[in-house]
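Working notes, beginning with the structure itself.
The values are calculated or read from the model by the stated rules, or taken from the named source; none is laboratory data. Note that this is a predicted model, so its numbers are computed, not measured. Note that each Cβ is placed from the backbone with ideal geometry, even for glycine, and that neighbours are counted across all protein chains shown. The area values use the complete protein model at the heavy-atom level, side chains included, leaving out ligands, DNA and RNA. Shrake-Rupley method; radii C 1.70, N 1.55, O 1.52, S 1.80 Å.
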Amino acid sequence: MPYYVTTPIYYVNATPHIGHAYTTIAADILVRHYRQRGEDTFFLTGVDEHASNVARVASERGLAPQEYADSILGAWQEVPRRVDATNDFFIRTSDDGHKAFVQEFLQRIYDAGDIYEGVYAGWYCVRCEAFKTEAELVDGKCPIHETVPDWIEEQNWFFRLSAYQSRLLALYDERPDFVLPAFRYNEARSFIASGLQDFSISRAGQPWGVPIPWDPSQVAYVWADALVNYLSALTYARSDQDLRPTFWPVVRHLLGKDILRFHCVYWPALLLSAGYDVPHQLFVHGWLLLDDRKISKSLGNVIDPLDLVDVYGADAVRFWSIRSVSFGQDGSVSLESLHERYEHELANDLGNLLSRTTAMIDRFVGGELTAVARADSEVAGLVAGLGDDVAGRFDVYDLTGALERIWEVVRGLNRHVESRAPWQLAKDEKLDELRATLYDLADGLRVVATALFPYIPSTSRRILEALGESPDAVGWERVAYGLTTARSGIVSAQPLFPRIDAPAVTA
C-alpha cells in the first residue's frame, strides 16, 4: 500500500514553536521508515492562512491578511528544512490550486443537498477557530487558551452533520483502528454517539478566505477550507499529475488532540457528502507540556525549535522530541532533559560506541575488518528480530517504543565491548577472537545506524561512512546480522556529538 502522511496545516498567526516541529518530525520519521521499506510515499505539510486569527493579527500590524501571511511564511517553511524533514510538498491555503479545489468540494456538498441557510449564535474562540458550548468553558474561558471567547451571531450556511451520525457510527464499528490510539477512537466515537449538531461552514462579513461558490458574500469557515488541503494538494503538488489515484484514500493523518473533533468527525462526514472515500487512518497525539501546560504562543511558554537546532543540531532535537514523551500521550518536556539525553544517550551510548569501535579497529587490526559473521554470536542474538519488531511498532505509530527497542541494541553493544574486552584480546594475541569481536561490533553498529536512520538521518549516515559503508545503504532489509563485508581503511571516528555546555536557551 502506498504511504501518504500529513501533518495538520499550521496557523500563521505567530511564529512556530516546538509543538509544531514535533508533529512535523514525527511525520518525517514515519515516511523515512516506509521509504526504507520500499513503499511509494508522499509527505504533506504546510500552513493555514485563512483563519480569523491571521486576519486579526494582520489588522493589528496594519497589513492586509495576504501581505502578512507572505511576510511570515519564511519562518514556517524554515522549520521542516531545519529539522531535516523531507516533505514532498508545502501547501498554503492561499494557493490558487487549493482555493479552486475548495470551491469545487463545497459545491459538491451543496449539490448533494447537505447545505442549508440558518442563523448561528454562540461563543467562538478565535484562537481555536471553534465554537464552544457553555459546558466546555472553564470560568467563562476557553480551557486551552485561557481566553474569553467572542459572542458571534450571524446568518451562515450550515452543513447537515447530523445526517451522517449513523454512517459515522457504522464506519467506526467496521474499522476499530480508524482512529488511534484506542482511547482517542473511543473519545471520537462517544462524541458521535452523543448526538451530532449541524455546524456552520461559512462566515459573513469576513473578506479573508475562500468565497462560497453559490454565495460569494460569505467565505468558507476555516475548517471547511483547511481540512480539504489533504485532498487538494494531490491535484496540483506535481503540475503534470493528479496524485489522488495513488494516494487517496491511503492517507494517514497526524494531528494533536485539540483538533480531534474536526478531523475524526467533521472531516469524514464532509468527505462522504462530497463523494470521496474517508482516510485510511488518523493518529491523534498528545501535547508537549512545559510546567504541566500546553506549549502555546498565547500562554507565553513557547520554545523556538530553531534555537534548539542551532545549539544541538537537528538530529538531537528529533531524537529528544520522540524519546522524551511516548508518542500519542501528553508528556512534560524540559530543556534540561534535552541536554541530558544529548550527553548520556547520544554522546555516551551511541557516540562513544562508534568512537571506541573504530579506534580499536584502527589500532589493533590496522583498520582492516575481516568478514567473520557467526550465527551463534552474541551480537547475532542481540539484533535477531529487530527489523520485524521495529517495523511492527511503526505500523501502529509506536515511534517511542520502536526507538527504545533500537536503544536496547545500543546498550547491548556497549555491554559487549566490556564483556569481550578487545584490548585484552589484542594484548593476549588472540587474533581470531579479536577479529570476530570487532566484526560483531561494526556489524551491530551498521544495523543500529540503519534502524535509526528515520530518527537521526545525518548521524546514521556518519556512522555508516565511518564503518566504510555507503551512507545510502539504508534499505530495511539491511536491518539484519552478518551483512558487513571485509574492508580496510577504517580509522578512528570523530565524535558524533561534541560536548556542549548547558546553553542559555529559554522558553
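When you look at residue 156, is it polar (S, T, N, Q) and within 24 Å of the chain's Cα centre (by Cα), yes or no? No; evaluated as a whole, the condition is false for this residue. Looking only at residues in the range 46-94 that are open to solvent by less than 10 Å² (accessible area, probe 1.4 Å) and of a type in the set (S, T, N, Q), the one that is nearest to residue 8 (Cα to Cα) is 93. Does residue 35 satisfy the criteria of being without any contact (Cβ under 8 Å) to a residue 60 or more places away in the chain and farther than 23 Å from residue 219 by Cα? Yes; evaluated as a whole, the condition is true for this residue. A search for C-beta distances below 6 Å between a residue of the range 386-408 that is under 22 Å from residue 353 (Cα atoms) and any residue that is open to solvent by 10 Å² or more (accessible area, probe 1.4 Å) and of a type in the set (Asp, Glu), counting only pairs 6+ apart in sequence or on different chains, returns 405/389.
Annotation note: of 265, 222, 250, the sole residue that is more than 27 Å from residue 288 (Cβ to Cβ) and of a type in the set (A, V, I, L, M) is 250. Could we say that residue 335 is open to solvent by 20 Å² or more (accessible area, probe 1.4 Å) and hydrophobic (A, V, I, L, M, F, W, C) here? So residue 335 fits the description; yes. Output the residue which, of all residues in the range 229-250 that are farther than 19 Å from residue 48 by Cα and open to solvent by less than 10 Å² (accessible area, probe 1.4 Å), is nearest to the chain's Cα centre (by Cα). Ranking the candidates gives 247 first. Filtered by the rule that a residue be open to solvent by 60 Å² or more (accessible area, probe 1.4 Å) and either without any contact (Cβ under 8 Å) to a residue 12 or more places away in the chain or part of a loop (DSSP other than H, G, I, E, B) (or both), the range 372-383 gives 374, 375, 376. Here residue 409 does not fit the description of being touching a His at 6+ places or on another chain (Cβ under 9 Å) and of a type in the set (Val, Ile, Thr).
Among residues of the range 146-182 being among the hydrophobic types (A, V, I, L, M, F, W, C) and surrounded by fewer than 12 Cβ atoms within 10 Å (Cβ to Cβ), the one that is farthest from residue 216 (Cα to Cα) is 182.
Only residues that are touching a strand residue (DSSP E or B) at 6+ places or on another chain (Cβ under 7 Å) and on the phi < 0 side of the Ramachandran plot: list them for the range 42-62, please. Answer for the range 42-62, where residues must be touching a strand residue (DSSP E or B) at 6+ places or on another chain (Cβ under 7 Å) and on the phi < 0 side of the Ramachandran plot: 42, 43, 44, 45, 47, 48, 49, 51, 53, 54. Of all residues in the range 319-328, those that are open to solvent by 30 Å² or more (accessible area, probe 1.4 Å) and without any contact (Cβ under 8 Å) to a residue 60 or more places away in the chain total 1. Taking the range 392-507 as the region of interest, the helices (runs of 4 or more DSSP H) fully inside it that hold 2 or more residues being open to solvent by less than 80 Å² (accessible area, probe 1.4 Å), among the hydrophobic types (A, V, I, L, M, F, W, C) and under 30 Å from residue 18 (Cα atoms) are 399-420, 431-452, 457-466.
Scanning the range 194-225 for residues that are in a loop (DSSP other than H, G, I, E, B) and not polar (S, T, N, Q) yields 195, 196, 198, 201, 205, 207, 208, 209, 210, 213, 214, 221. When the residues of the range 20-45 are filtered to those that are open to solvent by 20 Å² or more (accessible area, probe 1.4 Å) and in contact with a Ser or Thr (Cβ under 8 Å, 6 or more places away or on another chain), the one that is farthest from residue 321 (Cα to Cα) is 40. For the range 257-315, filtered to residues that are modelled with pLDDT under 80 and of a type in the set (Lys, Arg), the residue that is surrounded by the most Cβ atoms within 10 Å (Cβ to Cβ) is 294.
All conditions but one from (1) at pLDDT below 95; (2) assigned to a loop (DSSP other than H, G, I, E, B) apply to residue 367; the one that does not is (1).
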